[in-house]
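> Pasting in a structure now, in structure tokens, and then I'll have a few things to ask.
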Amino acid sequence: RFDYVMELKTPPRQTRIKIFREYAKSMDVSEKWLQKIATNEYLAPGLISRAVKVVSELGLKTQVEVETHLEQVISNTLNAMGYDKDLTKGVQSPITYRLEALNPDYDLVTLQEALKKQPKGRICLYGQPGTGKSEFARHIADVLDIPLITKRASDLLDPYVGMTERHLSEMFEQANDEKSILLLDEADSFLQDRTRARESWQVTQVNELLTQMEQFDGLFFCSTNLMEQLDQASLRRFDLKIKFDFIKPVQLWGLFQQVLKDYQADEPDEAVWKKAVMSLENLTPGDFATVARQSRFSGKPLDAEGLIEGLKRELKFKAQGAYKNMGFISNS
């Protein structure tokens, strides 16, 4: 019965920044904070307006208080609406990201320079957890100064038939509208081998993603820890497939020094620590990040001894598992 129907979408990221900046012009918020918060794709103008109105009535004095309360109000509203309450999807790494600390089977520096000239392509990043796959996509977005849209299974999977395919389509449409780089984290959730599918909807989800990938004219990253489970036809759709492996001994020493520098620790004595650090195997940048986060609970600053002990503890969990000796079976 309507003469005209119009869809009103959430504004693009740069527009969200401008809207938030205008509403919050009388409040003490930093430009860096605005850039961070505006990454959330559900940040509609009405939500921004209400959050600013509520927080402005609190009479807060410091910038940290204002930003914290704005985040809390927005996050709680998003959660009540059924959206992800994590405003920035936890993208803040506790350690400095360094290309030279990665161990890929492709020259990432050359790739980075090529993407500066033409930020287009379909790239699959695979390998062990924590090897820096998803962080590489975020790094490229920073280097190219292009917004990054990150999607997870929880953002896209829907219990109703056909809705997951719709979300996949909308994901690419959003990236195209906002001229953003698109990262699909844990892509094996959507690109599983169709020959093993038990339900028709499992096949249609793969088909939809492959079709959207081919039509997308921007830069699309997929990351997965389970490369062997991906559909063979999907592999042909990627321009590049880059494996990220455990870091090499020399890289270990460089990253060890960098992490201590990040946390203002004393520079490690090469004669004391280098050999011990380089003897460790099967470590990833993610292990260093985990130990760095753990240092917050120790009650003391991170130092060389604490870092290497934390790394050894992570290796022990990898090798044995957290619950290997539990139960009624004795190893003796």
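> Say we look at region 12-62 and pick out the residues that are touching a helix residue (DSSP H, G or I) at 6+ places or on another chain (Cβ under 8 Å) and of a type in the set (S, T, N, Q); which of these is nearest to Ile181 (Cα to Cα)?
Looking at the filtered set, the residue picked out is Thr39.
> A further question on this structure: Restricting to region 242-265, give me the number of residues that are surrounded by 21 or more Cβ atoms within 10 Å (Cβ to Cβ), within 27 Å of Arg152 (Cβ to Cβ) and of a type in the set (Phe, Trp, Tyr).
So the count comes out to 1.
> Say we look at region 280-296 and pick out the residues that are hydroxyl-bearing (Ser, Thr, Tyr) and either at pLDDT 95 or above or within 14 Å of Thr131 (Cβ to Cβ) (or both); which of these is surrounded by the fewest Cβ atoms within 10 Å (Cβ to Cβ)?
Thr290
> Where residues in region 210-241 are buried (at least 16 other Cβ atoms within 10 Å of the Cβ) and in a strand (DSSP E or B), which of them is farthest from the chain's Cα centre (by Cα)?
Leu230
> Regarding region 71-86, can at least one residue be identified that is closer than 27 Å to Ala289 by Cα, of a type in the set (S, T, N, Q) and free of Cβ contacts under 8 Å to residues at least 12 places away in the same chain?
yes
A quick yes/no check of all residues on (1) without any contact (Cβ under 8 Å) to a residue 24 or more places away in the chain; (2) under 22 Å from Ile149 (Cα atoms):
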site	(1), (2)
Asp3	yes, no
Met6	yes, no
Thr10	no, yes
Lys18	yes, yes
Lys25	yes, no
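> Looking only at region 297-316, count every residue that is over 16 Å from Pro94 (Cα atoms) and assigned to a loop (DSSP other than H, G, I, E, B) and tell me the total.
Total satisfying the criteria: 2.
> Here's a follow-up. Under 16 Å from Gly127 (Cα atoms), among the polar types (S, T, N, Q) and open to solvent by 10 Å² or more (accessible area, probe 1.4 Å): does that describe Asn207?
Answer is no for this residue.
The values are calculated or read from the model by the stated rules, or taken from the named source; none is laboratory data. Only a predicted model underlies this, so the values are computations on that prediction, with no experimental measurement involved. With ideal geometry, Cβ positions are generated from the backbone for all residues, glycine too; neighbour counts draw on all protein chains shown. Just so you know, the surface numbers come from the protein's heavy atoms only, side chains and all, with ligands and any DNA or RNA stripped out. Shrake-Rupley method; radii C 1.70, N 1.55, O 1.52, S 1.80 Å.
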